[in-house]
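The numbers here are math on the coordinates, done by the rules we state, and not lab data. Just so it is clear, the model here is predicted, and its values are computed rather than measured. Glycine also receives a Cβ, built like all others from the backbone with ideal geometry; neighbour counts cover every protein chain displayed.
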Amino acid sequence: MKDLFELFITFARIGGLTFGGGYAMLPILQREVVDIKKWTTTEELMDYYAIGQTTPGLIAVNTATFIGQRYRGTLGGVVATFGVIFPSLFIISIIAMFMNNFEDSIVLQNAFAGIRVSVYVLILNAVIKLWKKSIVDKVGLLIFLLIFSLSIFTSLSPVLFVIGAGIIGLLTKMQRGERLK
Amino acid sequence: MIYLQLYYEFFQAGLFAVGGGLATLPFLYDISDRTSWFTYEQLADMIAISESTPGAIGINMSTYAGYMAAGIPGGIVASLGLITPAVIIIVIVAQFLNKFKDNQYVQAIFYGLRPASTALIAAAGFAVVMIDLVHVDLFQMTGSFIDLINWRALILAIVLFYLSNHVRLTKNLHPVIFIAFAAAIGIIFNFAEVAL
């Protein structure tokens, strides 16, 4: 029970200290979970990140589940995850409550019109980073262009794109594998 | 039963969004299209708030979106829906980690998924950019090409892109600082006015 409480508190602190999402969480995780608690190693942490980026769900949640599971079994995974999301639930609920009162404020509207521009730039920066990691060959470029244009010009569900891309990846690799034999 | 619907919608986003918090964006746009829970503009505000407050961006967005739909319980239910598939999948994956890492079929699927998630995030970004940077309505009203583009926003975007990528002094600054700077510029130059 004490172990679980410790897991919860540690991951709540990690969640509360991370600004900017999953990527920004890595240095804080290293400090809290590898250096201080020694629940995992840096190498394992990198593996969790790699898997967390390619399996469904949020990187932060996936990593928390991995480490919690490793330290204290399935229940540990669930408790660590509740810990990492707890600050978000708390802080965002409060902000959302106050935003409703300020919806008519011209100052806030101006601020958010400016903030939106910065968010586009941050998303563009994130996409450039992702591009470097994910578009490694012509097939990758083709998948990118296909899904990018289909997302913009059709209203098909993203679910279809994800399933389709998985199938294309599988078929491409299988075809290449056969050629190797 | 709105809580059940919220849980289901965010469960679906959590199951199919591969590549972290921003990958849930296209699913949120999809939800916005099909429900009256929140608008595209509110979504853009949610992204800004989610990026500038602590925590996982995806959870911040699900809490906010759920709150817009059904108050504080809505925020909690939406977030639980979002994390449920990931927790189940990772618990299973963690138990078979070694097998999973070496499985060529799984590797092959991931090979296709990475560019797909990049494309989904890029398209989601593109959709919101079009709302703020290009004013088709105003252009149709005035017929002037100068009105087609929101110049103030475009200039701010170029400055921020340059500062966050090419200026040594500023490129490693925390995103919160760029967001705060943009907020100040928005207030000083009445950015909301331009959209009307």
> Considering amide H positions built from the backbone, and no H for Pro or chain starts, which residues 5 or more places from A:THR18, or on another chain, come under 5 Å of its amide H?
Replying inline: B:GLY55
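For a quick protection proxy, order the peptides B:156-163, A:115-122 by their average other-Cβ count within 10 Å, most packed first. All intermediate terms of the calculation are to be shown ahead of the outcome.
Working: B:156-163: 18.1, A:115-122: 27.1.
The peptides rank, most packed first, as A:115-122, B:156-163.
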> Karplus couplings for the range B:46-59 from phi (6.51 cos²θ - 1.76 cosθ + 1.60, θ = phi - 60°), rounded to Hz, Gly and Pro as x?
Replying inline: 4, 4, 4, 5, 5, 6, 9, 10, x, x, 5, 4, x, 5
> Which value in deg cm²/dmol, rounded to the nearest 500, describes the helix-derived mean residue ellipticity at 222 nm for chain B, given -39,500 (n - 2.57) per DSSP H run of n ≥ 4 and division by the residue count?
Replying inline: -25500 deg cm²/dmol
>> Could you derive backbone 3J(HN,Hα) for the range B:66-74 from the dihedral phi with the Karplus parameters 6.51, -1.76 and 1.60 (θ = phi - 60°), listing whole Hz in sequence and x where the residue is Gly or Pro?
In response: x, 4, 4, 7, 8, x, 4, x, x
>> Can you compute the radius of gyration and Dmax for the range A:36-181, using only the Cα atoms, both in Å?
In response: 20.6, 67
> Near the amide H of B:ILE149, under 5 Å away, which other amide H atoms are found, from residues 5 or more places off or on another chain, if H is placed in the peptide plane?
Replying inline: B:HIS135
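Net charge around B:TYR40, counting only other residues with Cβ within less than 15 Å of its Cβ (Lys, Arg = +1; Asp, Glu = -1)? Walk me through the numbers on the way to the answer.
Working: positive: A:ARG116, B:ARG34; negative: B:ASP30, B:ASP33, B:GLU41, B:ASP45, B:ASP132, B:ASP137.
Cβ neighbours under 15 Å give a net charge of -4.
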> So, in Å, what gap is there between the alpha-carbon centers of the range A:39-80 and the range B:16-60?
Replying inline: 23
> So how do A:MET25, A:MET97, B:MET61 line up by other beta-carbon neighbours within 10 Å, fewest first?
Replying inline: A:MET97, A:MET25, B:MET61
> For A:THR40, which sequence-distant residues (separation of 5 or more, or a different chain) have an amide H within less than 5 Å of its own amide H, given hydrogens modelled in the peptide plane?
Replying inline: none
>> So for the protein assembly as shown, if I pair up every lysine 8 or more residues apart or on another chain, how many of those pairs have alpha-carbons under 17 Å apart?
In response: 6
>> Using the alpha carbons of the range A:106-180, what is the convex hull volume per residue in cubic angstrom, as a whole number?
In response: 109
> Looking only at Cα atoms, what is the convex hull volume of the protein assembly as shown per residue, in Å³?
Replying inline: 150
>> Taking only Cα atoms of chain B, what ratio of Rg to Rh do you get with Rh as the Kirkwood inverse-distance radius?
In response: 1.03
>> At 27 angstrom or more along the helix axis (alpha-carbon based) and mean Kyte-Doolittle of 1.0 or higher, what helices does chain A contain? Whole DSSP H runs only.
In response: A:59-101, A:106-134
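I'd like to compare B:73-79, B:83-89, A:152-158: which one has the highest average count of other Cβ atoms within 10 Å, and what's the full order after that?
On the way: B:73-79: 24.3, B:83-89: 22.0, A:152-158: 14.1.
Per-residue mean Cβ counts within 10 Å order the peptides as B:73-79, B:83-89, A:152-158.
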